[in-house]
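The structure appears right after this line, and notes come after that.
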Amino acid sequence: MGNLDPISLMKSMASTFTKVELEIYNRLMSDPTLIMNSTIVVLAEDLNVSNSAITRFCKKLGYKGYVEFRYDFSCYFNKEEEDNEDHIVNRTVTTYLSVLNILEKMISEDEIRKLVSKMKKSNNIRVIGIGESGLIAKYLRYRIFKYKRNIEALDNKFEIDESCSLAEEGDMLIAITNSGKSKEINRQIVEAYNNGITTVVITTNDIAVLRSKSHFYFQMPSAGQFYKPGAYDNQPIIIIFLEMIVNLFAFFNEE
């Protein structure tokens, strides 16, 4: 391992990685919070690889195993946070600007236009989310309400269950799930899709099951890829994306 930090170490060895190792590398580089918040079992499930593939990846980098790799990763990001504590304002601005630049490249305006067009034609729109994602659901409802009255935001299991059970063909479900791991939200997505409801997923993770069960799937970049988890939140990024939807909605409304 030498004196290289884990990020630099992975970059220096990228040319030697197998196909599976490259998949692990690319996912960790796009969102380091995956390893910092996960056991090897959870990470393997998220990356759709085996536990042994992750162990081999860690050992190839010179670590004894996954636990040592994750510990080194956490120490590195914690040190980055301490080293830069005198520049918090500048770092906050530049971090979010960096993520927004990635967002602009990741998102297709044509796809957003198609979504807005479908929203305008939908009979009823339900926006669901739990926890912080629930606050974002309410934000979208507030911003869209003056253009389309038949939109509601739901942020607890009982309201979500009750309202979504009344959904009919011609309605739309917009699910906001930062992690993509909420069992309740994921269940509603699958059920809505299977029942012919137009299904929209907004998340920061690439979840194969959710992607296959949605008509629109928007994956946001994660702010956690720049500094340790907790220092930055993904909600501001999602809000900016929602503003793209709102502005196109307003534009179409004026035509």
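Relative contact order for the chain: what is it in percent, counting Cα pairs under 8 Å that are at least 6 residues apart?
On the way: 328 pairs, mean separation 46.9, N = 255.
For the chain, the relative contact order is 18 percent.
Fewest to most neighbouring Cβ within 10 Å: what's the order for F69, F252, F216? Each step should come with its number before you reach the end.
Values: F69 25, F252 14, F216 17.
The most exposed by this proxy come first: F252, F216, F69.
Over all directions, how big on average is the projection of the convex hull of the alpha-carbon atoms in the range 132-229, in square nanometres?
Details: hull surface 26.6 nm².
If you wrap the Cα atoms of the range 132-229 in a convex hull and average its projections, you get 6.6 nm².
N195: net charge of surrounding residues, Cβ under 10 Å, Lys/Arg +1, Asp/Glu -1, itself excluded? Please report the intermediate quantities before stating the final value.
Numbers: positive: none; negative: E168, E169, D171, E191.
Cβ neighbours under 10 Å give a net charge of -4.
Excluding same-chain residues fewer than 8 positions from K19, which lysines have a Cα within less than 22 Å of its Cα?
Partners within reach: K11, K59, K60, K64.
Counting other beta carbons within 10 Å of each Cβ, put T199, T95 in order, fewest first.
On the way: T199 23, T95 16.
By the 10 Å Cβ count, ascending, the order reads T95, T199.
Hey, with R₀ at 35 Å, roughly what FRET efficiency would E104 and Y71 work out to, going by the Cβ-Cβ distance, to 0.05? Kindly include the intermediate steps, with their values, before the conclusion.
Details: r = 35 Å, r/R0 = 0.99.
The pair E104/Y71 has a calculated efficiency of 0.50.
Farthest toward the dipole's positive end in the range 127-186, which of I174, Y147, I160, given Cβ charges of +1 (Lys, Arg) and -1 (Asp, Glu) about the Cα centre?
Checking the options against the dipole of the range 127-186, the answer is Y147.
Between I239 and N156, with labels modelled 7 Å along Cα→Cβ, what's the label distance in nm to one decimal, could you check?
Calculated label separation equals 2.4 nm.
Could you tell me which label, among (1) 60, 40, 32; (2) 56, 40, 38; (3) 51, 44, 41, carries the value of Cα extents along the principal axes in Å calculated for this structure?
(1)
Rounded to the nearest 500 deg cm²/dmol, what is the calculated helix-only ellipticity per residue at 222 nm for the chain, with -39500 (n - 2.57) per DSSP H run of length n ≥ 4?
Values: 13 runs with 150 residues, N = 255.
Helix-only estimate at 222 nm: -18000 deg cm²/dmol.
Please tell me the relative contact order of the range 137-255 in percent, rounded to the nearest whole number, where contacts are Cα pairs under 8 Å and at least six residues apart. Can you show the working numbers first?
On the way: 143 pairs, mean separation 23.9, N = 119.
Result for the range 137-255 is 20 percent.
When only Cα pairs under 8 Å and 6 or more residues apart are kept, what is the percent relative contact order across the range 101-170? Walk me through the numbers before you get to the answer.
On the way: 59 pairs, mean separation 21.0, N = 70.
In percent, rounded to a whole number, it is 30.
What does the extension gain come out to for K120 and R211, with contour length at 0.36 nm per residue minus their alpha carbon separation?
Values: separation 91, 0.36 × 91 = 32.76 nm, distance 2.25 nm.
Net length gain for the segment: 30.5 nm.
Each reported figure results from applying straightforward, stated rules to the coordinates on display, with no laboratory input. Please read these numbers as outputs of a predicted model, since none were measured by experiment. Cβ coordinates were reconstructed from backbone atoms using ideal geometry, including for glycine residues, and neighbour counts include every protein chain displayed.
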